[in-house]
Amino acid sequence: MNVEETKLIEQSQLGNIESFEKLIIRYQDQAYRTAYRILGNPEDAKDATQESFIKIYRSLKGFKLQSNFSTWMYRIIHNTCLDMIRKRKRRQEIPIEIKEHQNKDDYKIPLEDPKDGPEALLDYHQLKEQVESEILKLPVEYRGVIILRDIEGLSYQEIAEALEISEGTVKSRLNRGRTQLRQHLAELLEDG
Amino acid sequence: MNCKEFENNISLYIDGKLNTDTKAAFNAHLEVCNSCKVKLENTKNMIAGLQDLEEITAPKDLRGNIIQQLKAEEIPNTEKQASDSTQKNRSSRVFPIKKFALVAAMILVVASTVILNYDFFQGSMDEGAMIMESADQDFSEDAVMRDTEEAAEDFESEEESFGDEEVEVTDGGEETVSPEQYEEDTFGIKYGEWIVLLLGIGVISVIIVLQKNRNT
């Protein structure tokens, strides 16, 4: 976190809305993009992002300046999106299974066995066209880590802090999520 | 390393998280297994596709909506703060009187206690002095007899003086009261102590009335 950003946060903590507005300008694209990729539609993503920044402003006084603001922001965005998914209980354009569990670290997802037989080499452009829609088919726990790692570029440690899980769980979910996504794409493109 | 283990390590390999030994085993399997090689390539292309997704930006009115909502929430909070401040000022005007009354009541109670205990203590001191003196007395048989005779003489002289006092009482139009009798009132409490006690009760009553008025 640079000096300028620290000052903006300090001023915002004192109730300076103009300073907080500058923080919004800095982070609104990242926040909205993440919400959009998790939720799958622009209206929900806008609501989730607005709600998240309101929460951020209200709880700014508890934010420690030594912490990473963007990691904290991602945490709030992710949790707000999960709350929205649970509350609305709506079906996405593409059906998504939402699995709720108490302890994220204890959540066990059965590892899918690799497909028998060789997988066809997939064309990059074909992959790129389909991946945006296929990612919404993943369980939300896999979706979150893939979005934060492969789209937002967070490190394993930052993802662990943002999602409040262990780094081991990040590794595990990332590997399983990518494997599942790749297999879906392979089936889709081979059939198509 | 078999194919299942290879697939479990694809993600860590791409992110550079494998240790030296596991990476060596991974590479060794990669050399000999074409199926796993394809899986690795497909995973890399998939991640590249994710990283190259169309750039998404926040809607233009997002920031304005957030600020508008925050400002709207701030106004009731400002009014609430002003109300809290007025209440605090009000209570601060009343509070000194109450505090003063409480302190005054405590001083009076303490003073009463000191006065009562002082008299008692003084009395105890006198008794103690008498005890000390008597402790020094000679308790030999002769001394006891001597004391008894002296006591009898004193008794006779007291009877005579008592008679004098009686005459004084019947002759005089006015009643004269001894200093000891003058200081005592009913229940054995002295006048001075009564005053202190009544003042204390009065102050406490004032506090109670002030408290009631504040609540209403």
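Among the residues of the range A:8-19, those that are surrounded by 13 or more Cβ atoms within 10 Å (Cβ to Cβ) and more than 7 Å from every other protein chain (Cβ to nearest Cβ) comprise A:L8, A:I9, A:E10, A:Q11, A:S12, A:Q13, A:G15, A:N16, A:S19.
Being more than 8 Å from chain B (Cβ to nearest Cβ), at pLDDT below 95, assigned to a loop (DSSP other than H, G, I, E, B) and surrounded by 15 or more Cβ atoms within 10 Å (Cβ to Cβ) is not true of A:I109.
Looking only at the range A:48-58, which residues are more than 9 Å from every other protein chain (Cβ to nearest Cβ) and crowded, with 19+ Cβ neighbours inside 10 Å?
Once the filter is applied, which keeps residues that are more than 9 Å from every other protein chain (Cβ to nearest Cβ) and crowded, with 19+ Cβ neighbours inside 10 Å, the range A:48-58 yields A:A48, A:E51, A:S52, A:I56.
The residues in the range A:149-167 that are within 11 Å of another protein chain (Cβ to nearest Cβ) and either in contact with a His (Cβ under 8 Å, 6 or more places away or on another chain) or of a type in the set (G, A, S) (or both) can be counted, and the count is 2.
Every residue, every condition in (1) surrounded by 10 or more Cβ atoms within 10 Å (Cβ to Cβ); (2) within 28 Å of A:E51 (Cα to Cα); (3) modelled with pLDDT of 95 or more; (4) of a type outside the set (S, T, Y), yes or no:
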position: B:C3; (1), (2), (3), (4): yes, no, no, yes
position: B:K17; (1), (2), (3), (4): yes, no, no, yes
position: B:C33; (1), (2), (3), (4): yes, no, no, yes
position: B:K39; (1), (2), (3), (4): yes, no, no, yes
position: B:I56; (1), (2), (3), (4): yes, yes, no, yes
position: B:K60; (1), (2), (3), (4): no, yes, no, yes
position: B:E74; (1), (2), (3), (4): yes, yes, no, yes
position: B:S83; (1), (2), (3), (4): yes, no, no, no
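If you check A:K64 against the conditions, is it part of a loop (DSSP other than H, G, I, E, B) and basic (K, R)? Taking the combined requirement at face value, the residue satisfies it.
Taking A:R182 as the residue in question, decide whether it is at the interface with chain B (Cβ under 10 Å from one of its Cβ atoms), crowded, with 20+ Cβ neighbours inside 10 Å and under 16 Å from the mean Cα position of the chain (by Cα).
Taking the combined requirement at face value, the residue does not satisfy it.
For the range A:36-47, how many residues meet the condition of being free of Cβ contacts under 8 Å to residues at least 12 places away in the same chain and facing chain B (nearest Cβ under 7 Å)?
Taking the range A:36-47 as the starting set, the residues that turn out to be free of Cβ contacts under 8 Å to residues at least 12 places away in the same chain are A:36, A:42-43.
Restricting the remaining residues to those that are facing chain B (nearest Cβ under 7 Å) gives A:36.
Here the count works out to 1.
In the range A:22-35, the condition of being assigned to a helix (DSSP H, G or I), facing chain B (nearest Cβ under 9 Å) and more than 30 Å from A:E134 (Cβ to Cβ) is met by at least one residue. Exactly one residue out of A:V140, A:V131, A:V145 is within 11 Å of chain B (Cβ to nearest Cβ), closer than 20 Å to A:I77 by Cα and buried (at least 19 other Cβ atoms within 10 Å of the Cβ), and it is A:V145.
The values are calculated or read from the model by the stated rules, or taken from the named source; none is laboratory data. These numbers were taken from a predicted model, which means no experiment stands behind them. As a convention, Cβ positions derive from the backbone with ideal geometry for all residues, glycine included, and neighbour counts pool all protein chains shown.
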